[in-house]
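Working notes, beginning with the structure itself.
The values are calculated or read from the model by the stated rules, or taken from the named source; none is laboratory data. A quick note: this is a predicted structure, and the numbers were derived from the prediction, not measured. Positions of Cβ are generated from backbone atoms using ideal geometry, with glycine treated the same way; all protein chains shown enter the neighbour counts. What goes into the accessible areas is simple: the full protein's heavy atoms, side chains included, and nothing from ligands, DNA or RNA. Shrake-Rupley method; radii C 1.70, N 1.55, O 1.52, S 1.80 Å.
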Amino acid sequence: MPERSSRGPAPARPDAIVVGAGMAGLVCAADLTAAGLEVVVLEASDDVGGRMRTDRRDGFLLDRGFQVFNTGYPQVRRRMGFGGPRMYPFTPGVVLATGRGHLRFGAPVPRPSAAATFLRGGLGPWKDVPALGLLSARDALAPASVIKAGPDVPVRRALADAGISDALVERFFRPFLSGVFLEPDLATSARVFHLVWRSMLRGALCAPAEGIGTVPRWLAADLPEDTVRTGCPVREVTDAGVLTEDGTEIGARTVVVATDGPAAARLLPGVPAPRTRTVTTYYHAAERSPLAEPTLLLDAARHRFLSSCVLSEAAPERAPRGVALISTSVLGEDRPGREAEVRTALGDAYGADSSVWDPVHTVTVRGALPAMEPPQPLSRSTRLSPGRYVCGDHRGTGSVQGAMASGARAAREVLVDLARAAGLLPARR
Ligand SMILES: Cc1cc2nc3c(=O)[nH]c(=O)nc-3n(C[C@H](O)[C@H](O)[C@H](O)COP(=O)(O)OP(=O)(O)OC[C@H]3O[C@@H](n4cnc5c(N)ncnc54)[C@H](O)[C@@H]3O)c2cc1C
């Protein structure tokens, strides 16, 4: 993948400045450059990607927090189709560690075999099978606009309203969705849940071969050379453009702030700082893979971790040859003794001797996701004032899809406003 970011001086007066080279900023920059604008992306850190970065350490490729890549997201389908970074699919469904062994849960795809497994495994009463089938069929088949227009309540209410039993909620939905939304109370917006469920039904959960960071790098590689300036934190958005931390003012008529929510609130008075979720991922190395399959394992019985997987079963490139890389996420911060507790829980859940596993790395991400409680506006205008815009997952949904869609929307709104200013479109009323 060609390197496209650089550290040299930015052009004196680009048409547009995008602050932040996460997924939202990269998509916005791609659409603005495709429309012929000269764009500069100013990124504070040393590479593109924001929350989607991968580090190489001792032969391992370690994401900064475990992430799956969902090919069902509409923006992903539109932009990445064929020719994107190499991906390996996880096996559909999840494996539940029930305390009495492993149970494969085939949902979200409702099939007769999945229903049989479900009933045999005692996950819930028989009436859950049609209730889950109906919920999934509606989410998969109805237009997204129907979901977006639906009532917004906490997920736990929506599941109860759909006839899903408390037993199934506790044994599957709570452990599964805690890992998706990074909160254990099922307090997240039902609309966000239905959209995520829909994309899971319509796509596949994948592990990029060389790490999650290859996704934003692939987007960045398509931008004109020198568009992205790394190591260039913006201190302030000014009347003329932006002021960087080193005291340089770069002028531009259009400034799009595409940072994470807390940074956007610091740069733009009036933009609220979202409440955010924190997650910690523990990476372990083992001589033998404890589960010879690329699948997500949930601690359905005891909820001691969000999810775990043998990442090297999905993507062998992630670990040195002959070593299994196990990735496990938990809510909140790391603390003394937590790694050992997690390793013990993993031993139970995999049915393996985890005492011989090596802790390879621990990464805590504060602000991993914005909280998305109802009522959750699924997409907000990015316009703040003439020539000033804000985008990112905190303006849509806390996901790759939300970040990309918000970046695309910012670009659309910028282009419409420029066309209006040039008299090519009627003025806004
Ligand atoms: C551990 C983890 C697991 C996740 N799992 C999933 C998942 O499975 N599926 C899913 O869909 N989503 C997942 N997400 C969420 C997804 O990664 C994010 O929603 C998405 O990457 C956000 O992109 P963004 O562009 O909005 O923001 P960011 O990625 O945060 O990008 C913002 C950029 O702005 C830069 N910046 C900040 N301040 C400044 C400044 N002053 N000047 C210049 N630059 C600045 C930052 O350095 C950063 O590069 C996960 C996130 C984490 C952390």
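What the table shows:
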item: Identity of the residue in the stretch 358-395, within 12 Å of the ligand (Cβ to nearest atom) and of a type in the set (Lys, Arg), that ends up surrounded by the most Cβ atoms within 10 Å (Cβ to Cβ); result: ARG395
item: Selection within the stretch 251-261 - within 12 Å of the ligand (Cβ to nearest atom) and among the aliphatic types (A, V, I, L, M); result: VAL255, VAL256, VAL257, ALA258
item: Any hit, the stretch 44-54, residues being more than 30 Å from GLY251 (Cα to Cα) and at pLDDT 95 or above; result: yes
item: Matching residues in the stretch 346-357 - criterion: being hydrophobic (A, V, I, L, M, F, W, C), buried (at least 16 other Cβ atoms within 10 Å of the Cβ) and over 26 Å from the mean Cα position of the chain (by Cα); result: ALA352, TRP357
item: Selection within the stretch 305-336 - over 20 Å from the mean Cα position of the chain (by Cα), buried (at least 17 other Cβ atoms within 10 Å of the Cβ) and farther than 13 Å from ALA207 by Cβ; result: VAL323, ALA324
item: Any hit, the stretch 28-40, residues being near the ligand (Cβ under 7 Å from one of its atoms) and buried (at least 21 other Cβ atoms within 10 Å of the Cβ); result: no
item: Checklist (1) hydrophobic (A, V, I, L, M, F, W, C); (2) in a loop (DSSP other than H, G, I, E, B); (3) modelled with pLDDT under 90 applied to LEU119, failing item; result: (2)
item: Condition met for ARG428 (at pLDDT below 95 and within 15 Å of the ligand (Cβ to nearest atom)); result: no
item: Criterion violated by GLY270 - all others in (1) surrounded by fewer than 19 Cβ atoms within 10 Å (Cβ to Cβ); (2) farther than 30 Å from ASP15 by Cβ satisfied; result: (2)
item: Residues that are without any contact (Cβ under 8 Å) to a residue 40 or more places away in the chain, open to solvent by less than 60 Å² (accessible area, probe 1.4 Å) and more than 11 Å from the ligand (Cβ to nearest atom), drawn from the stretch 220-250; result: THR238, ALA240, GLY247
item: First in the stretch 350-364 and under 13 Å from PRO290 (Cα atoms), second anywhere and buried (at least 18 other Cβ atoms within 10 Å of the Cβ) and of a type in the set (Ser, Thr, Tyr), Cβ under 8 Å, 6 or more apart; result: TYR350/SER308
item: Subset of the stretch 273-288 that is surrounded by fewer than 19 Cβ atoms within 10 Å (Cβ to Cβ) and under 22 Å from the mean Cα position of the chain (by Cα) - its residue that is farthest from the ligand (Cβ to nearest atom); result: ARG275
item: When residues of the stretch 407-422 are limited to those that are touching a Ser or Thr at 6+ places or on another chain (Cβ under 7 Å) and open to solvent by less than 50 Å² (accessible area, probe 1.4 Å), the one nearest to the ligand (Cβ to nearest atom); result: ALA410
item: Residue count, the stretch 231-264 (criterion: among the hydrophobic types (A, V, I, L, M, F, W, C) and in a loop (DSSP other than H, G, I, E, B)); result: 4
item: Residues that are closer than 23 Å to LEU123 by Cβ and polar (S, T, N, Q), drawn from the stretch 171-198; result: SER178, THR188
item: Count - residues of the stretch 176-198 that are more than 19 Å from GLY367 (Cα to Cα) and of a type outside the set (D, E, K, R); result: 7
item: Single residue of the stretch 178-237 satisfying the filter (among the small types (Gly, Ala, Ser) and modelled with pLDDT under 95) that is farthest from PRO89 (Cα to Cα); result: SER199
item: Hits in the stretch 43-67 (condition: within 7 Å of the ligand (Cβ to nearest atom), surrounded by fewer than 23 Cβ atoms within 10 Å (Cβ to Cβ) and of a type in the set (A, V, I, L, M, F, W, C)); result: ALA44
item: Matching helices (runs of 4 or more DSSP H) fully within the stretch 134-219 where at least 3 residues are within 16 Å of the ligand (Cβ to nearest atom); result: 174-181, 190-202
item: Neighbours by Cβ (under 6 Å, 6+ apart or cross-chain): first from the stretch 51-68, without any contact (Cβ under 8 Å) to a residue 24 or more places away in the chain; second open to solvent by 80 Å² or more (accessible area, probe 1.4 Å) and away from the ligand (no atom under 12 Å from the Cβ); result: none
item: Boolean, LEU291 is within 16 Å of the ligand (Cβ to nearest atom), open to solvent by 10 Å² or more (accessible area, probe 1.4 Å), of a type in the set (A, V, I, L, M, F, W, C) and closer than 20 Å to GLN67 by Cα; result: no
